[in-house]
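Please read the structure below before turning to the comments.
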Amino acid sequence: ITDFMDLKISAVKFHSSQNTKTYMAERAVKGLAEYRAFDIFRNEKCFEAFEVFRSVN
């Protein structure tokens, strides 16, 4: 998501229902994406983690 990080942060700020949540603060969103990159040894990038609930074939 490196190329879309600014867009992601803008989208979160746009939704007033998300603005009051501390885990949705710009610093938290960017920090978590950077941590995910660090966790897989890709320090120069931002990543998101996903969990597959159901696979559709």
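Every read-out reported here was derived from the displayed coordinates using simple, explicitly stated rules and does not represent laboratory data. Keep in mind that this is a model prediction, so the values were computed, not measured. FYI the Cβ positions are ideal-geometry reconstructions off the backbone, even for glycines, and counts take in every protein chain you see.
When the chain is treated as a GNM, springs tying every alpha-carbon pair under 10 Å, which of 11, 25, 37 comes out with the largest mean-square fluctuation?
11
Hey, rough spin-label estimate for residue 41 and residue 2, points 7 angstrom out along Cα→Cβ, what's it come to in nanometres?
Calculated label separation equals 1.6 nm.
Which residues make up the longest stretch of the chain clear of chymotrypsin sites (Phe, Trp or Tyr not before Pro) that lie in a DSSP loop with no more than 11 other Cβ atoms within 10 Å, not counting the sites?
Numbers: sites that count: 41, 50, 53.
Longest site-free region, per DSSP loop and neighbour criteria: 1-40.
Suppose R0 equals 25 Å. What FRET efficiency, 1/(1 + (r/R0)^6) with r the Cβ-Cβ distance, do residue 10 and residue 57 give to the nearest 0.05?
Details: r = 35 Å, r/R0 = 1.41.
It comes out at approximately 0.10.
Identify which of the listed values of Kirkwood radius over Cα pairs in Å was calculated from the structure shown: [x] 12.5; [y] 12.8; [z] 11.0.
[x]
About the Cα centre, and with charges only on the beta carbon of Lys, Arg (+1) and Asp, Glu (-1), how big is the dipole of the chain? Nearest 20 debye, please. Show your work: numbers first, answer last.
On the way: 9 positive and 8 negative charges, 34 e Å.
In debye, rounded to 20, the chain gives about 160.
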